[in-house]
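The values are calculated or read from the model by the stated rules, or taken from the named source; none is laboratory data. Remember, it's a predicted structure, so these values are computed and weren't measured experimentally. Glycine also receives a Cβ, built like all others from the backbone with ideal geometry; neighbour counts cover every protein chain displayed. Surface areas here come from the heavy atoms of the whole protein model, side chains and all, with no ligands, DNA or RNA. Shrake-Rupley method; radii C 1.70, N 1.55, O 1.52, S 1.80 Å.
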Amino acid sequence: MEFTPGPAVHRVLCADCGTPIVPNTANLCVACLRNTVDITEGIPKQASVSFCRNCERFLSPPQAWTLAQPESRELLSICLKKLKGLNKVRLTDAHFIWTEPHSKRLRVAMTIQKEVLTNTILEQTFEIEYLVQHGQCPDCTKLAAKNTWKALVQVRQKVPHKRTFLYLEQLILKHNAQKDTISVKEVRDGLDFFYSSRSHALKMVEFLGSVVPIRSKASEQLLSSDTHTNTANFKYTYSVEIVPICKDDLVCIPLKQARQLSNISPLTVCVRVGNSIQLLDPATLQSCDIPSQLYWRTPFDSLASVTDLVEFTVLDIEPDRAKTRGKHIMADVQVALAGAFRSTGAKVDEDNGMMDYEDHGVTNQIYHTRTHLGAILQPGDAVLGYHLTNANYNSDDFASLPVGRIPDIILVKKTYPNQRKKNKARKWKLRSIAKEAGEEGETSGARGVVGRMGGRDQKKVEEDYELFLRDLEEDPEMRQGVNLYKAPEVKMAEPVLHEKKAGKRRGQNQYSMEVDDTPEERVPSTGVVVDGEDEEEDEAGFPDIALDELLEGLDEMTLGSGEHEEEERK
């Protein structure tokens, strides 16, 4: 086989450096061609991007503000839009070059192509440096200014406590319904939510209607109008009223309405509040759901709330497994007032919170009743209930009930007084809508957005918050609508000895728990006996939140994570 040489490759010398090259129209090598023609001419090597530190969004030309993560496609698109002259070249590649996060610099490497001469395409790679300029977007500018809202949602509930709004705050955080809120202000009977757009306020009203029974009313105020363009500027206000009935409240339904609700007994207990009210008759386990439309047609109030609950001790209980409804089991129970059979020689404080009737021989009386708590009560347990025998309610519906249909007591829920006395720190925390420390109407030591109005009784706020935390512990269904986060790890404080009080503190612990920089004198004890005794065991059936229900990252939240909160005093 004969060798056939290929066609000869003709080469010429570069006109500048004399290097042999394949002939081209410029008769220049690639290096000399790049030195002669700069295809990056007209493309700036430095640029700037605007960044809002409050909402963490970048300005996407011309006026849009976009949320973009570092070195993401969205941020790269914003950077390329800031460059002029890219429409004259062909962009083949672009990527970020790593920089220090705190340097306020972004570096982008780009590869472009351009035809410089006939059938001659030149490719070049270069870097562009972006300066991150901090500023404020229009939404955050309105947030910084006062009274620049466009729509207002006034949420009210005419009850003496704030537990509903504490739960409502967690529902809002769970569904991220606060993202469009400019600010939140506490008023006497509720909260005010301010928005920069009417559509955002309507979304909040729809959300509230899906989680709690409400009725709403809209109004508008004319600020300015232009007769030439037929345009007007309004401020919109939406008044939202929540049903004044809460969980575990004692309710007396009007007799006419009770007959319409499957002829249920008028004297019931509220066991759940969602977008409707669920009432339960403890004596028969009959329940009914009252939607908001039906309630506001013939509204009624609750007879008593959880602050009127009395502690009883279970003496004997006989569950009836044949009568059940969901988690409730009918049971006949014998109870007595807490401490009814204590020794007469025991030392009792002069002011122990007992009513007058409890000091006149009625404390050792045994009561027989029916309850829906047959699945969780055992002899010796403590239970909270309403003492109807010695109650006086200002209600015509309650007064019209036959005496034979009114039980002596109505048991509501089980309690754990011995476990509560141990003052153990909770291993979980809650988020808060409270964002800035300078919002209007704020005071220190608040529980989220509740308790921030000046002049309120701080002790009352602490009691409502503690009752809300206990409800979360004892009700798994209630915890499904709340995000719980792991609390910071507790550390043992340094031993503190006081010479003046050494005699009085000789039997107390020398070490205490230090949580979230809590003042030393306000830190609860650990419940551990140092003098060689064993640690007390947990009370049987005490509700405990598992670790798999807790979420990570409480300290990394953009909203206030309750850093101003003190450690819960139980």
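Overview of results
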{"read-out": "Accessible area, probe 1.4 Å, largest first, for residues Glu115, Glu100", "value": "Glu115, Glu100"}
{"read-out": "Extension gain from Asp139 to Lys88, taking 0.36 nm per residue of separation minus the Cα-Cα distance", "value": "14.8 nm"}
{"read-out": "FRET E, pair Asp408, Asp226, Förster distance 60 Å, beta-carbon r, rounded to 0.05", "value": "0.30"}
{"read-out": "Rounded to the nearest 10 Å², the accessible area of Cys137 at probe 1.4 Å", "value": "0 Å²"}
{"read-out": "Heavy-atom accessible area order for Val403, Val205, largest first, 1.4 Å probe", "value": "Val403, Val205"}
{"read-out": "Among 22-31, 48-57, the order from most to least packed when residues are scored by Cβ within 10 Å on average", "value": "48-57, 22-31"}
{"read-out": "Table column - 3J(HN,Hα) (Hz), segment 47-64, Karplus curve with 6.51, -1.76, 1.60, x for Gly and Pro", "value": "8, 9, 10, 8, 9, 9, 6, 6, 9, 6, 10, 9, 7, 9, x, x, 9, 7"}
{"read-out": "Amide hydrogen neighbours beyond the local backbone of Asp320, cut-off 5 Å, H modeled", "value": "Met330, Ala331, Asp332"}
{"read-out": "Listed peptides 190-203, 368-381, 289-302, 240-253 by packing density, highest first (mean Cβ within 10 Å)", "value": "240-253, 190-203, 368-381, 289-302"}
{"read-out": "Rounded FRET efficiency, nearest 0.05, which uses the C-beta distance separating Arg11 from Asn233 and R0 of 60 Å", "value": "0.20"}
{"read-out": "Amide H within-cut-off set for Leu388, under 5 Å, with H built and near neighbours excluded", "value": "Ile409, Ile410"}
{"read-out": "Stretchable slack from His95 to His175, in nm (0.36 nm times residue separation minus alpha-carbon distance)", "value": "25.3 nm"}
